[in-house]
Amino acid sequence: MPAKELFERPTPPRPRTPLPSLISNADYPADARKSETQGTAVVVLLVSSIGRVGGCHLQSSSGSASLDRATCELLTTRARFEPARDDKGRPVESAVRVQLEWRLPRRLPITDWSAMILATIGPNGEVASCEEKTQGITRPRGLNCAGLAMMRKAAIQASPEAARIVQSRLVLTTQLIFEDAQVLPPPGAHDKLLTRIAADLTIGEDGEIASCTVTAHEGLLVAIMPPPDCRQVFRGRYERSGEPRRAKAMLNIWTGAGTAETAGDPDSSEGVKSQPHDPDRAGDQQSERDLTGTG
C-alpha cells in the first residue's frame, strides 16, 4: 500500500475523464456476466508525476475476483490524471482511492419500442432545451437528452467539419422492431440527415445480443466519423425467451435550423418529458450509462 504522505499532497491528482465513464458494459468480465455477479470494488491507484497510473492495489473486494481484476487492469491502462502538486507547485507522485461499482443492465422485455429526442442547440454549442418522447418500453440508457449531448460533443471533437454541419436543432429517432411495425418518418422536410445506422440483431436464448450486423450507415457525418460498433450502438440485455429472436434496429440523427418544437412526432407517443439540459447531470448520466446500460 502506498505511503500515507502520497494521499496528502497539497494539490491532489484529478482525473482528466470521469473514471466510471472509462468502463462500459463491453468490459464486463464474461464469467461475472454469465453468473450475473455484481459488486463494488475499492482500489488505490498510484499516480505518477506525469499523471499515469503506475500501480493498483485492491483495498475492498467487490466479491468477485474477475471484477476486482478488471477494475485494476482497466483503470491502469485507461485512467489519466492531472498530477498532484507539492507546496511549490511541482508535479509529484501521489495516491488516490477509487470506488467502482459494477452493475449489469436490467433485462428488457422483448417487444417493439421507439423513441424521439428533440434538442435545441444554443449559440455557444450548449444544449439549451431537450425533450424525450417514447413509445413502448423504456429505451436503453444513453438514448436520452444527456446521451444526445455526448454524441454531439464526440462528433464535433472528431472533426471540425462536424461543427459546421451540426446546426441549431438536433433530432434523434431510434427504434427496435421484432415484428412488422411502422418505421419512424423523418422529423421534418428540411432537416439534414447526419447519421443513419441500421442493423440486424439476433438475441440469444440467454437474452444477450448474440450477433449484430450493420446493414446501413449513411448521412453527412459518414465521411468524417469512424464506422459504428454495432454492439455498442444497439446494446441491451433482454428477457430470456428460450429461443433466439431476430430484430431490426435503426438510429437516425437529423439536424436543421429552427427549434426542436417544429419536429414531427411519432404516432401515439407517450411518456413525454421536457427538461433543460444540465451539463453536470449529463456527466453523471454518462458515467451511469457506461456501467448500467439501460434506463
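Descriptive notes on the structure:
- Considering residues of the range 16-28 that are surrounded by fewer than 18 Cβ atoms within 10 Å (Cβ to Cβ) and over 14 Å from Arg80 (Cβ atoms) only, the residue nearest to the chain's Cα centre (by Cα): Ser24
- Residue check: Ala95 meets all listed conditions (1) at pLDDT 80 or above; (2) within 23 Å of the chain's Cα centre (by Cα) but one, namely (2).
- For Glu218: the one exception among (1) modelled with pLDDT of 85 or more; (2) farther than 25 Å from Leu193 by Cα: (2)
- Leading residue by the ranking (nearest to the chain's Cα centre (by Cα)) among those in the range 43-61 that are in a strand (DSSP E or B) and surrounded by fewer than 17 Cβ atoms within 10 Å (Cβ to Cβ): Arg52
- Listed conditions (1) in a loop (DSSP other than H, G, I, E, B); (2) at pLDDT below 80 are all met by Glu243, apart from (2).
- Qualifying residue in the range 110-117 (condition: in contact with a helix residue (DSSP H, G or I) (Cβ under 7 Å, 6 or more places away or on another chain), more than 18 Å from Asp191 (Cβ to Cβ) and either surrounded by 16 or more Cβ atoms within 10 Å (Cβ to Cβ) or not charged (D, E, K, R) (or both)): no
- Considering the range 81-107, the residues that are closer than 16 Å to Pro2 by Cα and of a type in the set (A, V, I, L, M, F, W, C) include one that is surrounded by the most Cβ atoms within 10 Å (Cβ to Cβ), namely Ala84.
- Annotation: of all residues in the range 62-99 being of a type in the set (Gly, Ala, Ser) and part of a helix (DSSP H, G or I), the one that is nearest to Ile23 (Cα to Cα) is Ala70.
The values are calculated or read from the model by the stated rules, or taken from the named source; none is laboratory data. Quick caveat, the model's predicted, so the values are computed rather than measured. Neighbour counts are summed over all protein chains in view; Cβ atoms, including those assigned to glycine, are modelled from backbone coordinates with ideal geometry.
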